[in-house]
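K.L.:
One structure follows; several queries about it will come next.
Derivation of every value follows stated rules applied to the coordinates shown; laboratory data play no part. This is a predicted model, so every value here is computed, not measured. Because the Cβ atoms are built from the backbone with ideal geometry, glycine has one as well, and the counts that use them run over all protein chains shown.
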Amino acid sequence: MLTRTGRLWTVSTVAHAVPFIAGAVALTVLLPVLAPVSLLLLIHAWVIPELYASRGAKVLRPRPRASAGAECVALGLLGDLLDHGSRELQARTGVALERGRFGVWLLGQTGALLVRPGGRRVDCYCVKVPDASLPPSDRIAHLLLALRTDEVGFATVANLSFSGARWRVRRRLAATAREALDVAGAEARRR
Amino acid sequence: MSRLVRMDETGHTTVAEWTLDDPPAVEAAVLAFRAELDNGYFAVVSEGEGHAEQVRELPVDASLVILRRPIAGG
């Protein structure tokens with residue numbers, strides 16, 4: 001299912017970009033004086049996938065912190081659910097790493113990012129617990145437990161906001177999330 | 001000592017605690033568990049990385065049962 005969805009995203013991206021590229025080439029060949037217009041078309045072809053990647057990267061965007069006391073309690077519970085390496089990574093980056101059947105997951109407060117086996121493709125999912133009063137670590141723990149309970153159901157409930165090259169998403173992430181993505185990428189390459 | 005905890009705005013709240021050799025505590029935990037499920041919570045027992053089980057009856061031998069809200073696509 002995920003492979004098919006990924007292919008559809010790739011086809012969609014190509015379908016968006018190719019007409020602009022073809023138009024740019026045709027204009028340059030037929031009317032070299034319109035080279036600036038061709039350049040604009042090429043910029044469009046580049047920007048459209050970038051906008052999708054930017055939307056995908058938002059799933060790991062840091063959110064405002066809740067009250068320190070509640071977050072401290074929530075962090076303790078989340079730490080109990082994670083293994084040592086994931087706990088350290090979460091403490092540094094605010095993102096929880098979980099190895100699943102479909103690849104390596106990174107869980108943030110309002111979404112999840114799946115690094116597929118091989119580490120080259122990522123799927124970005126908008127998914128959250130619809131309760132704004134929860135502290136950040138509890139929001140991540142909700143996603144973690146839902147993922148562990150039913151990975152297929154998790155990927156089905158979540159809305160796919162981007163599927164494509166890891167490097168496209170990486171450029172759009174905050175530095176801390178980028179570190180988590182690099183760790184997940186290395187993990188996914190070993191699979 | 002087994003615990004039933006609910007993730008909420010305080011971080012988490014311990015809803016019930018019990019030991020197998022304390023039947024009244026177990027009974028109270030079962031009642032509290034059902035009440036939380038009636039309030040829309042899901043109960044989960046985590047079994048380490050990659051594995052967790054959603055339960056509809058209180059597993060009295062589990063050391064930790066966590067109550068969570070349903071998730072939704074954003």
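K.L.:
Treating the angle as unsigned and between 0 and 90°, give the value, to the nearest 10°, between the Cα long axis of helix A:136-149 and the longest Cα principal axis of chain A.
P.N.:
Approximately 80 degrees, to the nearest 10.
K.L.:
Given contacts defined as C-alpha pairs under 8 Å and at least six residues apart, what's the relative contact order of chain A, whole-number percent? It would help to have the intermediate numbers written out before the result.
P.N.:
On the way: 299 pairs, mean separation 46.6, N = 191.
Taking the mean separation of contacting Cα pairs over the length of chain A, I get 24 percent.
K.L.:
In addition: Assuming R0 = 51 Å, can you tell me the calculated FRET efficiency for the pair residue A:80 and residue A:8, based on Cβ-Cβ distance, to the nearest 0.05?
P.N.:
My answer for the efficiency is 0.85.
K.L.:
Please give the contour-minus-distance gain from residue A:167 to residue A:50: 0.36 nm per residue of separation, less the Cα-Cα distance, rounded to one decimal in nm.
P.N.:
Fully extending the segment from residue A:167 to residue A:50 adds 41.1 nm.
K.L.:
Could you put B:71, A:43 in order, starting from the residue whose Cβ has the fewest other Cβ atoms within 10 Å?
P.N.:
A:43, B:71
K.L.:
Fewest Cβ neighbours within 10 Å first, please rank A:140, A:48 accordingly.
P.N.:
If I rank by nearby Cβ atoms, fewest first, I get A:48, A:140.
K.L.:
How much of the DSSP bridge set in the protein assembly as shown is antiparallel, in percent, rounded to the nearest 5?
P.N.:
90 percent
K.L.:
Can you compute the radius of gyration and Dmax for chain B, using only the Cα atoms, both in Å?
P.N.:
Cα only, chain B: 12.3, 44 Å (Rg, Dmax).
K.L.:
Kindly provide the Kirkwood hydrodynamic radius of chain A in Å, to one decimal, from all pairs of distinct alpha carbon atoms.
P.N.:
17.7 Å
K.L.:
Obtain the nm distance between the two label points defined at residue A:174 and residue A:22 by a simple spin-label model: each point lies 7 Å from its Cα along the Cα-to-C-beta direction.
P.N.:
Using points 7 Å along Cα→Cβ, the separation is 4.2 nm.
K.L.:
Could you state the angle between the C-alpha long axis of helix A:35-57 and the longest principal axis of the C-alpha atoms of chain A, as a value from 0 to 90 degrees rounded to the nearest 10?
P.N.:
10 degrees
K.L.:
Beta carbons within 10 angstrom, averaged per residue: use that to sort the peptides B:54-65, A:170-181, A:120-131, highest first.
P.N.:
Packing proxy ranking, top to bottom: A:120-131, A:170-181, B:54-65.
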